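Chemist: First the structure, which I've put down as structure tokens, then a few questions once you've had a look.
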């Protein structure tokens, strides 16, 4: 089977486009890792000062080591599956299922081109957006729960004397019951001892 040079060049150009697409898919997995704070690709704590002023970070600062390794492994396996399926479908669609080294090289060149050009921009913007989103969520949760926390503290302060009085009354009642029970037991013991004499 003879293939013209123009068809091979066109297939190589399509492979470059496939590589750019697969680079974008890889960035999706990198974005997931960035959002889970597994690796610090993008934004570098642009809102750190606000965390220090009292808005606590509700989301975890760093994922645990086992969780990090697990998510990375799952993302890598999923990307490998996506890459393999896309590459095989590409070979069947545009090259009659025949593997040629220049197709793989063109695909790798497209992925490298994406990574060097758009990939850094996408991850940088995503990191900054993730930090900003975390900040907004933390401010929202702080605004939502801080009044509830203050209300609970106020209720506790107001109700503490009443609760203390109720507890002491219950403790006295329990102590009275226990004392009466002990007296009854002692009476039984002494009555029993008295009968023996």
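Bear in mind these aren't lab numbers, they're just calculated from the coordinates by the rules spelled out. Computed from a prediction, not measured in an experiment: that's the story for all the values here. Neighbour counts run over all protein chains shown; Cβ positions are idealised from the backbone, glycine included.
Chemist: At a 10 angstrom cut-off on C-beta neighbours, averaged per residue, how do the peptides 91-104, 152-165 rank from highest to lowest? Kindly include the intermediate steps, with their values, before the conclusion.
Modeler: Working: 91-104: 13.0, 152-165: 10.0.
Listed from highest to lowest mean packing, they are 91-104, 152-165.
Chemist: For a Förster distance of 22 Å, can you work out the FRET efficiency between the beta-carbons of residue 67 and residue 141, rounded to the nearest 0.05?
Modeler: On the way: r = 22 Å, r/R0 = 0.99.
Between residue 67 and residue 141 the formula returns 0.50.
Chemist: Suppose we take every Cα in the range 62-179 and form the convex hull; what volume per residue is that in Å³?
Modeler: Working: hull volume 26.1 nm³, N = 118.
Looking at the range 62-179, the number lands at 222 Å³ per residue.
Chemist: Treat each spin label as a single point 7 Å out from the Cα along the C-beta direction, and report the residue 166 to residue 179 distance in nm.
Modeler: Label-label distance for residue 166 and residue 179, simple model: 2.4 nm.
Chemist: Same structure again: Could you give the length gained on full extension between residue 28 and residue 5, defined as 0.36 nm per residue of separation minus the Cα-Cα distance, in nm? Spell out each step's value before the answer.
Modeler: Values: separation 23, 0.36 × 23 = 8.28 nm, distance 3.48 nm.
Extra length available between residue 28 and residue 5 comes to 4.8 nm.
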